[in-house]
Structure formats: structure tokens, C-alpha cells
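Enquirer: One structure is given below, represented as C-alpha cells, and several questions about it will come after.
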Amino acid sequence: MKLPIRIFWLLSKNIQRIQARNDLRHLNVSTAATFGAAAFMSGNSKSTLTKDVTDQLLAERGDVVKVKSNPLEAKLDRDGLEMLRRLSAPRQ
């Protein structure tokens, strides 16, 4: 509970990217094991399903963007905070 909210959201946004990276790694290993060296040496390509899943995981993983600003030094967005409060307030 002592974690600043901006750090929580920063970490939360990266969960899917990290999972997609790991899933992509597992998919590559399982594809290599399934098709075996003979299939790769004969020039057979990956199946369409494997390619579709790979493309989807690559899209989920996204591109890593390095930002020069430090999220710990970011200033509080009061307008954004008020908007979040209004959105999370119980409706009457």
C-alpha cells in the first residue's frame, strides 16, 4: 500500500507486455520442438496458426520506448486525478 499510484499504473501497463514476451518465447521453443530440425532444414515454414499467434503476441508485446523523464519525478496531474475521482464515485 506504500507504492505510489503512478508506479502501480506504470507496472500494471507492462504486465501484458511481459506476458506476451514470455508467451512468444515459449511458442518459439515449442514450435522448434514440434517441427524439429528436419522440417526447418527442408525449408518448410511455420504453420499459419503459429504465424497468427506469433503476430498477435508481437503486437501485444509492443515496442519498447525509452523515455528520458523519470516517472518518480513526474508532477501530479490534478485535472486527471479529479477526472478519475469523478469516474470512480458511486452513481446516484
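The values are calculated or read from the model by the stated rules, or taken from the named source; none is laboratory data. In this text the structure is predicted, and so the values were computed from the model without any measurement. So basically every Cβ, Gly included, is an ideal-geometry build from the backbone, and we count neighbours across all protein chains shown. Remember, those area values only see protein heavy atoms, side chains included, never the ligands or the DNA or RNA. Shrake-Rupley method; radii C 1.70, N 1.55, O 1.52, S 1.80 Å.
Enquirer: Please give the number of the condition Leu76 fails out of (1) aliphatic (A, V, I, L, M); (2) modelled with pLDDT under 80; (3) part of a loop (DSSP other than H, G, I, E, B).
Expert: (2)
Enquirer: Among the candidates Asn14, Asn28, which residue alone is within 23 Å of the chain's Cα centre (by Cα) and at pLDDT below 80?
Expert: On the way: Asn14 fails: at pLDDT below 80.
Exactly one of Asn14, Asn28 is within 23 Å of the chain's Cα centre (by Cα) and at pLDDT below 80, namely Asn28.
Enquirer: Could you grab the pairs with beta carbons closer than 9 Å, sequence gap of 6+ or different chains, first residue in segment 4-17 and more than 13 Å from Leu72 (Cα to Cα), second one open to solvent by 100 Å² or more (accessible area, probe 1.4 Å) and of a type in the set (Val, Ile, Thr)?
Expert: Arg17/Val64
Enquirer: OK, next. Return the only residue of Lys46, Lys51, Lys68 being at pLDDT below 80, outside any helix (DSSP H, G or I) and surrounded by 12 or more Cβ atoms within 10 Å (Cβ to Cβ).
Expert: Just a single option satisfies the conditions, and that option is Lys46.
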